[in-house]
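Just below is one structure, and these are the notes that go with it.
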Amino acid sequence: MKNFLIPTTLKDDTISAVKSAISQAKKSDCEIVLMMVSETPDSFSSSNFLREMRTGLTKSQEEVLETCRYMIDYTKNCKIKIHNQYGLSLPIFRRIVETFAVKLIILPHSYKQETKRIHQYLVQLAGNQKCPILHLGNEQFKEDFTKALYIENSSANMHVKDIQQFLNENFSYEIVSKASKTDDYENITPLSEAISKYEIDLLVETRKGEKIKFKKVKKQNINEKLGLPVLSLYEELV
């Protein structure tokens with residue numbers, strides 16, 4: 001069974017994230033967990049605490065959720081679960097990943113644009129898990145990805161063959177080109193040319209665990225600049 005965790009605020013691209021999970025599952029049994037996080041209400045009153053926790057969904061959120069459930073109803077091998085999480089920490093998030101046996105975390109583009117601290121915190125916590133992360137792009141959803149560009153991190157000392165072997169065992173992507181990773185992507189012309197030449201529809205990179213920091217000015221990453229989805233693999237896992 002291949003299970004997926006999708007952190008969400010139920011924006012429209014949550015539908016694309018669910019479609020991506022269904023596509024990744026192929027015909028294997030899977031459970032898709034839509035996870036919504038909220039700050040723990042700051043109240044000593046138990047009744048007030050429960051009242052604040054019962055915040056209803058907006059009409060647009062209900063429509064997104066209904067669409068996701070509709071898709072799952074017509075996908076026999078997949079189930080969907082809604083997980084509401086109040087308060088978050090590294091042990092809690094790790095426990096969620098373990099409890100649901102998550103094999104892939106899918107991050108919608110809109111979720112990474114959320115400004116609330118708890119959503120930013122979740123994205124950083126996800127980066128410290130050994131589970132692969134699929135960062136969806138901001139372009140229109142594509143049913144499946146096939147041709148990948150490997151963004152090579154020179155400090156990782158990993159061979160492209162090792163990355164391809166991991167992809168063969170867990171996904172259905174083929175690395176058709178590679179490029180060196182730089183500290184910034186001010187000049188993305190070479191990457192854009194390679195993407196166009198080889199018809200790249202997915203970027204693959206590796207990551208290490210990092211100390212969690214909250215920055216006032218958010219740095220734009222390659223996923224946002226090129227609009228393509230990025231599969232991020234934890235180096236120790238590969």
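Read the figures in this text as sums done on the coordinates, not as results from a lab. Just so we're clear, the structure is a prediction, and the values are computed from it rather than from any experiment.
General observations
- Above-threshold pairs, the threshold being 19 Å between Cα atoms, out of 19/103; 147/178; 79/147; 19/76; 27/161; 11/112: 79/147; 27/161
- Additional length obtainable on full extension of the chain from residue 29 to residue 113, 0.36 nm per residue less Cα span: 27.1 nm
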